[in-house]
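Enquirer: Here's a structure for you.
None of the figures in this text is laboratory data; all of them are computed from the coordinates on show. Values in this document were obtained by computation on a predicted structure and should not be read as measured data. Here the Cβ positions follow ideal geometry from the backbone for every residue, glycine too, while neighbour counts run over all protein chains shown.
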Amino acid sequence: MERPVRAAQRPSRLAIIGQPVAHSLSPVFQRAALRAAGLSIAYDREDVAPDQLSDAFTRLAAEGAGGNITIPHKEAAAGLIARCTPVARRVGAVNTFWTEHGALVGHNTDVDGAAATIKALCSSDVVDPCDLPVVLIGAGGAAAATLVALHDLGYRHITIVARNTARAQALSARLSIPSQIASMDAVDVAVGAAALVINATPVGLRDDVFPVAVSALSARCAVFDLVYRPGLTPWIAECRRAGLRAEDGLRMLVEQGAAAFEAWFELPAPRVAMWHALNAVPPTYHAS
Ligand code: NAP
């Protein structure tokens, strides 16, 4: 088992770097976590344009800062930050950083967030994950983190469904994670036998479109939508009405933040305070 990744020094301040960043929920639950842990450290939003990212990193390193990185900078950050942890290098994206010896260190906790959700959804499966077919829809940055999480949890029968199958091929090859590749035209067939179906596209974020019809899913399937929005995504709401174990991206959001908190401070993350700040509670599942 790998040792948890930890910052060598506590950040002087925290910030989330993105553009746009005003909508980010990270300050909401990270400030609650800091309060609950008795740490008087600020967590700010910083709206940074792509051509300002390098200068922002120089300034943050000089300040001894830490924080998170969100759209559209996660992949660019992996190229700009000289020292990345092995998982950030592997995924090719940074969502968490801190300062060590005057230089930034880039890390990726989206993998932890995805793994925590998959474990929560599938903990009642008695079958070895190696034997369970999984369908991952999407081939972008969030799909990369989720694919690494699936692989590290032991899933071996993975199909990536993407509208750009060349991008899916490239993702599987870059991560050295053998996967079947299918186009969106074949999504209904691909999900028919799947024990776990994951949406890692923005479908459902700003519309009521489903990544795949609920009627195409098997009755024992678990469903993970990386998308989250106020209330449930329409797809997850419909999956639950159909009696499926189904979860949106909120747990992934909280768990990537919890893993970041634990890396910055070497303290257990106050998860109850974090969920409470979002006016939510983590769903639980019972074996049927
Ligand atoms: P990204 O790098 O832009 O990748 C998006 C992927 O979705 C690409 O493969 C893209 O295909 C595909 N896609 C986009 N629109 C589509 C459509 N209408 N039909 C089919 N495929 C479509 O974005 P990302 O960073 O991976 O993020 C994806 C989503 O994950 C975000 O919208 C966000 O809601 C969610 N997310 C959640 C968390 C969390 O903590 N819960 C964390 C990260 C991301 P092409 O290659 O053809 O463009």
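Enquirer: Using DSSP to define loop residues, name the trypsin sites (Lys or Arg not before Pro) in region 116-208 whose beta-carbon has at most 11 other beta-carbon atoms within 10 Å.
Expert: On the way: sites: K119, R156, R163, R167, R174, R206; in loops: R156, R163, R206.
Those satisfying the criteria are R206.
Enquirer: Run the quick spin-label model on V28 and T58: label points 7 Å from Cα toward the beta carbon, then report their separation in nm to one decimal.
Expert: Placing both labels 7 Å beyond Cα along the Cβ direction yields 3.6 nm.
Enquirer: Also, quick follow-up: From the phi angles alone, apply the Karplus equation (6.51, -1.76, 1.60; θ = phi - 60°) to region 87-97 and give each ³J(HN,Hα) in whole Hz, x where the residue is Gly or Pro.
Expert: Here the 3J(HN,Hα) series is 5, 5, 4, 5, 6, x, 8, 10, 10, 9, 8 Hz.
Enquirer: Moving to a separate point now. How many nm separate the modelled label positions at R206 and R35, each set 7 Å beyond the Cα in the direction of the Cβ?
Expert: Taking the simple label geometry, R206 and R35 are separated by 3.1 nm.
Enquirer: Sort V5, V191 by Cβ crowding within 10 Å, fewest neighbours at the top.
Expert: Numbers: V5 19, V191 26.
Fewest to most other Cβ atoms nearby, the residues stand as V5, V191.
Enquirer: Can you list which of the DSSP-assigned H helices in the chain have a Cα extent of 20 Å or more along the long axis and an average Kyte-Doolittle score of at least 0.0? Intermediate values should be presented prior to the final figure.
Expert: Details: long enough: 250-265 (22 Å, 0.64).
Membrane-span-like by this criterion, though nothing is claimed about a membrane: 250-265.
Enquirer: If amide hydrogens are placed 1.01 Å from N in the peptide plane, which non-local residues have theirs closer than 5 Å to the one on T109?
Expert: Counting only residues 5 or more places away or on other chains, the set is N95, T96.
Enquirer: Which trypsin sites (Lys or Arg not before Pro) from region 217-279 combine a DSSP loop assignment with at most 12 other Cβ atoms within 10 Å?
Expert: Working: sites: R220, R240, R241, R245, R251, R271; in loops: R220.
Within region 217-279, the qualifying trypsin sites (Lys or Arg not before Pro) (loop, at most 12 other Cβ atoms within 10 Å) are R220.
Enquirer: Further question on the same structure: Give me, ordered by chain and number, the residues 5 or more places off D44 or on other chains with an amide H under 5 Å from its own placed amide H.
Expert: Those lying under 5 Å, H to H, from D44 are L14, A15, I16.
Enquirer: Looking at region 2-79, which GluC sites (Glu not before Pro) are in a loop (DSSP not H, G, I, E or B) and have at most 15 other Cβ atoms within 10 Å? Write out the running numbers ahead of the final one.
Expert: Working: sites: E2, E46, E63, E75; in loops: E2.
Those satisfying the criteria are E2.
Enquirer: Per DSSP H run of n ≥ 4, the term is -39500 (n - 2.57); total these for the chain, divide by its residue number, and report the mean residue ellipticity at 222 nm rounded to 500 deg cm²/dmol.
Expert: Working: 11 runs with 108 residues, N = 288.
Calculated from helices alone, the mean residue ellipticity at 222 nm is -11000 deg cm²/dmol.
Enquirer: Can you classify region 112-248 as rounded, prolate or oblate using the Cα gyration tensor, where a ≥ b ≥ c are the square roots of its eigenvalues, rounded means a/c under 1.5, and otherwise it's prolate if a/b beats b/c and oblate if not?
Expert: rounded
Enquirer: Apply the Karplus parameterisation 6.51 cos²θ - 1.76 cosθ + 1.60, with θ equal to phi minus 60°, to every residue of region 65-82 and state each ³J(HN,Hα) to the nearest whole Hz, in sequence, with x for glycine and proline.
Expert: Values, residue by residue: 7, x, x, 10, 10, 10, 3, x, 9, 4, 6, 4, 4, 5, x, 8, 7, 4 Hz.
Enquirer: Next question, about the same structure. May I ask what percent, to the nearest 5, of DSSP beta bridges between residues of the chain are antiparallel?
Expert: 20 percent
Enquirer: Another question, if that's okay. Taking H as built 1.01 Å from N, whose amide H comes closer than 5 Å to the amide H of E100, not counting residues under 5 places away?
Expert: Amide H to amide H, under 5 Å and 5 or more residues apart or across chains, E100 pairs with V105.
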